[in-house]
1. Just checking, does the range 171-189 include any residue being under 22 Å from residue 45 (Cα atoms), modelled with pLDDT of 90 or more and surrounded by 17 or more Cβ atoms within 10 Å (Cβ to Cβ)?
2. Counting residues that are assigned by TED's automatic domain parsing to the domain that holds residue 30 and at pLDDT below 90, which strands (runs of 3 or more DSSP E) fully inside the range 41-93 reach at least 3?
3. Being farther than 28 Å from residue 82 by Cβ and under 22 Å from the mean Cα position of the chain (by Cα) is the filter here; which residues of the range 235-258 pass it?
4. What tally of residues in the range 24-36 results from selecting those that are surrounded by fewer than 20 Cβ atoms within 10 Å (Cβ to Cβ) and outside any loop (DSSP other than H, G, I, E, B)?
């Protein structure tokens, strides 16, 4: 007697499969003084976030700086900034060189844009233009590196595997948006035992960094705001008045620090924009009351 056993094929798809992709860009930084210097980016891109190092000048006199940024693959744009110097040599130039920040747009096979320069205290330095013309390197930046973006064949049928989002879809937003900043606070009567927070960069991505706290306990630490929405849930005690705060860790390339928020209390939703200079915070007071 012949037995046919059919073993099920289990396909696992997870957002975790979106592994960091290596990025290298070699180009030129042209300063307003007319001087030109080699500039190189080496780092990784994962879910649109760029982390790595920027190198100015040529070895062995190169300056190495930490960079943070964003890769917009749909619109072929990179925005980034140098946040701190790791290694520096004494290079004499006519330009007053500081931490570089830039927005780069892809035109053909060239990635280029204006590059600003400022010190940690936001003192402006010499500006310039940053360009990368290695077509292979530029193309690699905006290519899809996700392992789950593939077709899987089972018995002749093709199934398009889509990424599974790590977080549930955010709730609908309210139409009225209120602004909060240091000294301009909001207070809400709260009915449910949880506070759902949806936060994102509602303007142009400029690497704003925030910390969200509830009753002075951080629940989202030093988070770089993205265009994609981040959703977190916070338990709200049954009684008392509680504090929800958004602290501006960094203003990014375009001050002030601006965070778009939706706070969800059951079926009630509050739409807010928190805006602050670096080191300041916005406050919301949550007063727990009975259900409506």
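1. Applying the first criterion (under 22 Å from residue 45 (Cα atoms)) to the range 171-189 yields none.
No; the residues of the range 171-189 include none that is under 22 Å from residue 45 (Cα atoms), modelled with pLDDT of 90 or more and surrounded by 17 or more Cβ atoms within 10 Å (Cβ to Cβ).
2. Working: elements: 49-56, 63-72, 77-87.
Of the strands (runs of 3 or more DSSP E) lying wholly inside the range 41-93, those with at least 3 residues that are assigned by TED's automatic domain parsing to the domain that holds residue 30 and at pLDDT below 90 span 63-72, 77-87.
3. Step one: of the range 235-258, the residues farther than 28 Å from residue 82 by Cβ are 235-245.
Selection gives 244, 245.
4. Let us first name the residues in the range 24-36 that are surrounded by fewer than 20 Cβ atoms within 10 Å (Cβ to Cβ), namely 24, 26, 28, 30, 32-36.
This time we only want the ones that are outside any loop (DSSP other than H, G, I, E, B), so: 24, 26, 28, 30, 36.
Going through the range 24-36 one residue at a time, the tally reaches 5.
The values are calculated or read from the model by the stated rules, or taken from the named source; none is laboratory data. This is a predicted model, so every value here is computed, not measured. Positions of Cβ are generated from backbone atoms using ideal geometry, with glycine treated the same way; all protein chains shown enter the neighbour counts.
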